[in-house]
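The values are calculated or read from the model by the stated rules, or taken from the named source; none is laboratory data. In this text, all values refer to a predicted model and were calculated from it rather than measured experimentally. Here Cβ is always computed from backbone atoms with ideal geometry, including for glycine, and neighbour counts include all displayed protein chains. Only protein heavy atoms, including side chains, enter the accessible area calculation; ligands, DNA and RNA are left aside. Shrake-Rupley method; radii C 1.70, N 1.55, O 1.52, S 1.80 Å.
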Amino acid sequence: MLTWLAPGQDFPPLAQALSDPAGLLAAGGDLSPARLIAAYRQGIFPWYNAGDPILWWSPDPRMVLLPDELRVPRSLVKLMRRQPYEIRVDSAFRAVMTACAQPRAGQAGTWINADIIDAYTQLHTLGVAHSVEAWQDGVLVGGLYGIALGRAFYGESMFARAPDASKIAFVHLVRQLQRWQFGMIDCQMNTAHLARFGAREIPRADFIARLESLVNLAAVPTPWRLDHDLAE
């Protein structure tokens, strides 16, 4: 049976997540910073359509990328060395989210609604949510955003308006997280795109075991910055 969250109510145990739809754990609640941080610390994230109740998920298995397992296609390595874009961090967080919210080809809408944008922008103000951006001639052409707790990063969404812009931003992020000794990047769902970079599925129990140690490690001080040699 699906748990409906009352104000202030804790999430149910992950073992109660449904098998159909797979990974659905709870509904209701709110998108306050406290609720969102509590969710991510437990391996739970919100995903729902505008106009529907907030739905909370913890899929099994879980798609993750361990930073040390990053694979960068040779063609992308060559392109990055030419530095076609200026890569920045946290300079246009809300703009990145708004761009990620635009419908994709073949999609009628997006789960990144106005309430989600407002909620994650609050987390950004608190130094919990971050964006990595690709700029070209002063124009934002690609990027991604996600959540950082301790030494775990939770990727949320990315977009590109220029060739390989989001891929290059992603590689910069992963290489920086590797230097900061982050132990895991949560990719949530299995996609062929992320698998090409080395992401793989692991059982939810393994994901939670890793997460429990990583989220309690010392966080990287804000403001975030990117090392200058990440494209090399």
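A compact table of results
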{"item": "Condition check for Gly155: farther than 16 Å from Ser91 by Cβ, not hydrophobic (A, V, I, L, M, F, W, C) and not in a loop (DSSP other than H, G, I, E, B)", "result": "yes"}
{"item": "The listed residue being touching a Gly at 6+ places or on another chain (Cβ under 8 Å) and free of Cβ contacts under 8 Å to residues at least 40 places away in the same chain, out of Ala129, Ala50, Ala92, Ala99", "result": "Ala129"}
{"item": "Qualifying residue in segment 20-33 (condition: small (Gly, Ala, Ser), under 18 Å from Asn190 (Cα atoms) and either open to solvent by 60 Å² or more (accessible area, probe 1.4 Å) or modelled with pLDDT under 95 (or both))", "result": "yes"}
{"item": "Count - residues of segment 172-199 that are over 21 Å from Trp47 (Cα atoms) and open to solvent by 70 Å² or more (accessible area, probe 1.4 Å)", "result": "4"}
{"item": "Segment 1-19: number of residues that are without any contact (Cβ under 8 Å) to a residue 24 or more places away in the chain and either assigned to a strand (DSSP E or B) or closer than 21 Å to Ile185 by Cα (or both)", "result": "1"}
{"item": "Where Arg88 falls short, out of the listed (1) more than 18 Å from Tyr48 (Cβ to Cβ); (2) at pLDDT below 95", "result": "(2)"}
{"item": "Segment 145-171, subset free of Cβ contacts under 8 Å to residues at least 60 places away in the same chain and out of contact with any Leu (no Cβ under 9 Å at 6 or more places or on another chain), residue least open to solvent (accessible area, probe 1.4 Å)", "result": "Tyr145"}
